[in-house]
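Every number in this text was worked out from the coordinates using simple rules, so none of it is lab data. All figures in this text were calculated on a predicted structure; none of them were measured in a lab. Cβ placement follows ideal geometry from the backbone for every residue including glycine, while neighbour counts extend to all protein chains displayed.
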Amino acid sequence: MRTIFFLSGLMMLFASGVTKAGNSLTNTGNKAVKKAVVYTTAENTRLRLSITDTLKLTGFGQPLETQPCVFVDPDKTFQTMIGIGGALTDASAETFAKMPKEKQQEILQQYFDPEKGLGYTLVRTNIHSCDFSSSSYTYVNENDAALNSFSVAHDRQFRIPFIKQATAAAGGTLTLFASPWSPPAWMKDNKDMLHGGKLKPAYYQSWADYFVKFIRAYQAEGIPVWGISVQNEPMAKQTWESCIYTAEEERDFIKNFLGPTLQKAGLSEKKLIAWDHNRDLIYQRASIILSDPEAAKYVWGIGFHWYEDWTGGGKLFDNVKRVNEAYPNTHLIFTEGCAESFTFSKMYEWKWGEVYGRSMINDFNNGTVGWTDWNILLDETGGPNHVQNLCFAPLHANTRTGELYYLSSFYYIGHFSKFIRPGAKRIISSASRGQLLTTAFLNTSGKIVVIVMNQSNEKIAYRLWISGQAAETTSLPHSIQTLVVE
């Protein structure tokens, strides 16, 4: 019954005209602000991205301290968004392939359709295998340093068709970046793709050439690659594919090999993302790389994950802010996050959505321009994963019965991805109550999008206040709202 509950809630949402909020707005000046359509997802209700209110904003002067408010200032603009989405991994593609055709179409529509779904625009994929692959593999033969044997034939079975179908469902365009988990074993000092180890200096050039080969091979398949990260989690020795780089080693690999190689290949427009690991060491890594002009000139952005504290209150969000303050011309992008240690019986715990909402609001408020979830789809076991590192996804598929299970995280992400579109600029949103987290954006259409998340057990009446106009609405306990203002 719970599967039907979550799915039917989403279907009712799209049948109710939710997409009307994406239409254009001519003016957001003081006199033109007229109404706000409110979409709500709340625990212990049937509300899932459901329209719950239409507010009429009218003149309102100085609020009192006894009147909770969310203050929005569209005249103060900050970073420009590139997109929100998730990862199209081997595991997601293999799970997708096992589902009935009608369920495949549902998955694609619910994630990528900008009108009927969440409108994902930014996606990540893996360069050869990662833990969320059914086995370890590479694109070249053993000891082929010249890369003459390079082929992405492995990916043609599941992943490449999946990416193409997702792109079509998104309207023909997705911003895709790719990350390696490890060089081939023979390039490393531990002779193993797993368990950490380091890239041998003798293979620095071959490994840089490997990135070029990958980009060109995927483009030959009809899949443009927008960017790459240097190494997934370069300070983590994992039981799965992993490779260690100190900050100095990553800096020098970028400066002396990867950056120049991309440039020589005519691929300098590809966005190069450094770090691609947790918030804990993000400032140290960024400062070492970006303080070197010869390395920094190749780096588009600093990527980060949340695993240093994904279950907690997000105590390290300020580390992202520190990088933004010190290096305002370098982009920040959230490249991976998921709830770990999958248990089927815990899929519908509400906390999964709140983890996403809390992270996304704080990351955006600290300067992040793009946000990518981890696997968009996993099976009923939390895999497939060749080392049994099983995790949660916003959407799980039962490959035996054909059922789909929508988690609270699916809807929480949707409160951002569906309404905050590429090109949107973050604007000021400030809550007068600590129970309410908020962020806001101004879309290129002119529509203002305000997110309000209530982490408390309280029902909180508050006013949305914009440039001297306000209207009252209510935030339910453990809920998230998107208010689209026109």
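On a 29 Å Cα-Cα criterion, which of the cross-link pairs Lys34/Lys321; Lys35/Lys101; Lys188/Lys270; Lys98/Lys271; Lys198/Lys418 come out too long?
Too far apart for the 29 Å limit: Lys34/Lys321; Lys35/Lys101; Lys98/Lys271; Lys198/Lys418.
Can you tell me what percent of all Cα-Cα pairs in the chain are more than 38 Å apart?
23
Along segment 84-90, what does the Karplus equation 6.51 cos²θ - 1.76 cosθ + 1.60 (θ = phi - 60°) give for ³J(HN,Hα), rounded to whole Hz, x for Gly and Pro?
Karplus values, whole Hz, x for Gly and Pro: 9, x, x, 9, 9, 8, 4.
Name the trypsin sites (Lys or Arg not before Pro) in segment 340-423 that are in a loop by DSSP and that have at most 10 other C-beta atoms within 10 Å, would you?
Arg400
Among the chymotrypsin sites (Phe, Trp or Tyr not before Pro) within segment 127-159, which fall in a DSSP loop and have no more than 15 other Cβ atoms within 10 Å of their own Cβ?
When the chymotrypsin sites (Phe, Trp or Tyr not before Pro) of segment 127-159 are filtered for loop state and at most 15 Cβ neighbours within 10 Å, Tyr137 remain.
Which whole-percent values make up P(r) of segment 170-243 when all C-alpha to C-alpha distances are grouped in 5 Å steps starting at zero?
3, 16, 22, 21, 16, 11, 6, 3, 1
Quick check on the chain: of the DSSP beta bridges with both residues there, what percent are antiparallel, nearest 5%?
Once the DSSP bridges in the chain are tallied, antiparallel ones form about 60 percent.
Tell me the net charge near Pro183. Cut-off is 10 Å between Cβ atoms, Pro183 excluded, with +1 for each Lys or Arg and -1 for each Asp or Glu.
Surrounding charge for Pro183 is +2.
For segment 257-310 and segment 426-455, what is the centre-to-centre distance using only Cα atoms, to the nearest Å?
So the separation of the two Cα centres works out to 29 Å.
Would you kindly derive the ³J(HN,Hα) couplings of segment 117-132 from the backbone phi angles with the Karplus curve 6.51 cos²θ - 1.76 cosθ + 1.60 (θ = phi - 60°), listing them in order in whole Hz, with x for Gly and Pro?
Computed from phi, the couplings for segment 117-132 are x, 7, x, 4, 10, 10, 9, 10, 9, 9, 8, 6, 7, 9, 5, 8 Hz.
So how do 261-270, 107-116 stack up, highest first, on mean other-Cβ count within 10 Å?
Put in order of decreasing packing, that is 107-116, 261-270.
Identify the chymotrypsin sites (Phe, Trp or Tyr not before Pro) of segment 299-374 meeting these criteria: DSSP loop state and at most 13 other C-beta atoms within 10 Å of the C-beta.
none
I'd like the Karplus ³J(HN,Hα) series for segment 435-444: coefficients 6.51, -1.76, 1.60, θ = phi - 60°, whole numbers in Hz, and an x wherever there's a Gly or Pro.
6, 9, 9, 8, 8, 8, 9, 10, 6, 4
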